[in-house]
Amino acid sequence: MKEVSERERFLPRTIIEKLTKIASESKETLSLSIGEPDFDMPRPLAQELKKIVRQHKQNKLSHYTSGQGMPALREALAQKLRKENNIKTHAENILVTAGSQQALFAGFLATLDPTEEVILSNPGYLGYIPAIELVNGVPAYVTLKEEENFALNPDLIKKAITRKTRVILLNTPSNPTGTVLSKKILEEVADIAVDKDLYIFSDEAYEKLIYDGKKHVSIGSLNGMHNYAFTFHTFSKSYALCGFRLGYVAGPQKEIDALQKSVHYMSLCAPHISQLLGLKALQMHPKYIENMRREYDRRRMFLVKRLNGMGLHTPVPEGAFYAFTNITSTKMKSLAFTNALLKEAKVAVVPGTEFGSAGEGYVRLSYATEFHTIEHAMDRFERFLKKH
Ligand SMILES: Cc1ncc(COP(=O)(O)O)c(C=O)c1O
């Protein structure tokens with residue numbers, strides 16, 4: 001029998017998967033590795049879920065929805081995007097997907113021909129590169145620097161552009177660095193996209209998890225962006241609904257139709273039950289998200305203070321729920337540091353190299369983890385550092 005496809009053989013397995021398995025199998029291990037909220041879904045959503053299930057017949061829950069997503073949900077999403085993100089969009093410009101990862105994948109399928117390039121940050125979210133490579137696209141990297149607060153430098157984007165470039169991919173607030181891109185940087189990137197006729201993919205998965213009064217700006221809200229920008233959002237992070245697999249993308253109509261064709265052959269539609277829940281989530285009082293955001297904020301400040309106190313330089317993350325810590329003072333490589341920390345101190349963190357070569361010298365710690373777990377993990381971290 002032939003082996004699995006070559007494509008599959010080259011597809012990397014993430015270290016996070018391995019770490020998650022170790023952490024779930026070992027009661028002693030404290031995990032700061034996982035990028036999903038530790039919170040259960042907000043109470044009104046749990047109540048709504050029961051109602052949706054009780055009324056499953058009226059809701060036609062066992063049936064597919066329209067491939068693009070339920071019209072009522074798309075209408076509500078268009079309103080949300082107009083009101084909260086300042087994006088002038090309509091229901092027909094929105095595609096509902098099984099998480100934003102599916103929308104991103106469909107986006108690459110719909111815009112890239114083989115060997116065409118996507119410009120993206122290094123370090124950056126680890127879900128992008130395999131998705132680009134699966135459609136035979138090519139990632140082109142722009143290196144982020146700690147001295148520049150890991151912000152994207154538009155001059156470096158200009159330098160990375162070739163005749164094969166099709167997409168500039170942004171992620172604000174960023175996983176893994178927590179950086180929030182300023183309006184000024186976004187305006188410069190928007191100008192580049194128009195000048196060079198490139199699409200912009202703006203991944204805004206953490207849009208509502210922002211601290212210190214910083215503001216989230218969607219590049220899709222800037223003048224002239226309606227033909228260029230795709231904005232990717234998810235219910236996974238702010239609403240703590242990862243398991244419901246619900247995301248959406250807004251973009252130019254013709255291209256959204258193309259993405260929908262791809263999604264049709266992947267999953268036909270996003271889960272019906274999740275779409276009904278998403279509708280309720282959009283109407284939920286904002287205090288439920290705000291309560292989670294405040295708790296992340298408290299953990300963020302604690303974590304950053306402890307790490308800096310140990311002599312590990314940790315920039316204060318502006319958004320998301322990750323700290324990206326500089327470990328170069330330990331003289332250990334990221335992966336060796338992570339393995340030793342796991343073995344000796346039973347604390348799981350993610351090596352920076354999981355997010356690209358420029359992540360060498362860093363580890364990512366997730367504070368989507370209960371406060372007391374972070375406290376214990378930091379005590380173990382400190383004892384570990386004293387030995388090394
Ligand atoms: C930056 C970023 N984008 C997209 C995703 C995918 O999220 P989902 O598919 O759950 O919407 C993640 C998940 O960790 C992420 O961190």
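Observations on the structure shown:
- Those residues of segment 7-35 which are assigned to a helix (DSSP H, G or I) and either in contact with a His (Cβ under 6 Å, 6 or more places away or on another chain) or not hydrophobic (A, V, I, L, M, F, W, C) (or both), in sequence order: R7, E8, R9, E17, K18, T20, K21, S24, E25
- Checked against (1) among the basic types (K, R); (2) closer than 17 Å to N153 by Cα; (3) within 16 Å of the ligand (Cβ to nearest atom), K184 meets all criteria but (3).
Conditions (1) on the phi < 0 side of the Ramachandran plot; (2) more than 16 Å from the ligand (Cβ to nearest atom); (3) free of Cβ contacts under 8 Å to residues at least 60 places away in the same chain, marked per residue:
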residue	(1), (2), (3)
A281	yes, no, no
K287	yes, yes, yes
R294	yes, yes, yes
M310	yes, yes, no
P317	yes, no, no
F321	yes, no, no
A340	yes, yes, yes
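- Every test in (1) touching a helix residue (DSSP H, G or I) at 6+ places or on another chain (Cβ under 7 Å); (2) within 16 Å of the ligand (Cβ to nearest atom); (3) assigned by TED's automatic domain parsing to the domain that holds V249 is passed by L32 save one, and that test is (3).
- Selection count, segment 182-210, where residues are under 18 Å from T234 (Cβ atoms) and either acidic (D, E) or part of a loop (DSSP other than H, G, I, E, B) (or both): 7
- Filtered by the rule that a residue be over 18 Å from A23 (Cβ atoms) and among the aliphatic types (A, V, I, L, M), segment 324-350 gives I327, M332, A336.
- For H63, the criteria (1) without any contact (Cβ under 8 Å) to a residue 40 or more places away in the chain; (2) loosely packed, with under 14 Cβ neighbours inside 10 Å hold in every case but one, which is (1).
- S182 meets all of the listed conditions (1) under 30 Å from N291 (Cβ atoms); (2) touching a residue at least 40 places away in the same chain (Cβ under 8 Å); (3) out of contact with any His (no Cβ under 8 Å at 6 or more places or on another chain) but one, namely (2).
- Residue within segment 238-256 that is among the β-branched types (V, I, T), in contact with a Lys or Arg (Cβ under 8 Å, 6 or more places away or on another chain) and assigned by TED's automatic domain parsing to the domain that holds T89 present: no
- Pair list, Cβ < 8 Å and 6+ apart or interchain, from segment 100-118 residues that are over 14 Å from F232 (Cα atoms) to residues that are of a type in the set (F, W, Y): T111/Y199; V118/F108; V118/Y128; V118/F201
- For segment 201-226, the set of residues classified as of a type outside the set (V, I, T) and more than 15 Å from the ligand (Cβ to nearest atom) consists of Y211, D212, G213, K214, K215, G220, S221, L222, N223, G224, M225, H226, listed by residue number.
- Any chance A229 is touching a Ser or Thr at 6+ places or on another chain (Cβ under 7 Å), of a type outside the set (D, E, K, R) and more than 15 Å from the ligand (Cβ to nearest atom): yes
- Segment 149-159 - residue that is assigned to a loop (DSSP other than H, G, I, E, B) and not aliphatic (A, V, I, L, M) and, of those, modelled with the lowest pLDDT: N149
- Test: residue in segment 238-248 that is buried (at least 22 other Cβ atoms within 10 Å of the Cβ), on the phi > 0 side of the Ramachandran plot, touching a residue at least 60 places away in the same chain (Cβ under 8 Å) and under 19 Å from the mean Cα position of the chain (by Cα): yes
- Residue in segment 170-177 that is outside the structural domain of D38 (by TED's automatic domain parsing), within 13 Å of the chain's Cα centre (by Cα), surrounded by fewer than 21 Cβ atoms within 10 Å (Cβ to Cβ) and within 16 Å of the ligand (Cβ to nearest atom) present: no
- Note on segment 103-116: residues that are crowded, with 21+ Cβ neighbours inside 10 Å and either over 9 Å from L259 (Cβ atoms) or within 16 Å of the ligand (Cβ to nearest atom) (or both) total 6.
The values are calculated or read from the model by the stated rules, or taken from the named source; none is laboratory data. Every value quoted in this text rests on a predicted model; they were computed, and no experiment measured them. So basically every Cβ, Gly included, is an ideal-geometry build from the backbone, and we count neighbours across all protein chains shown.
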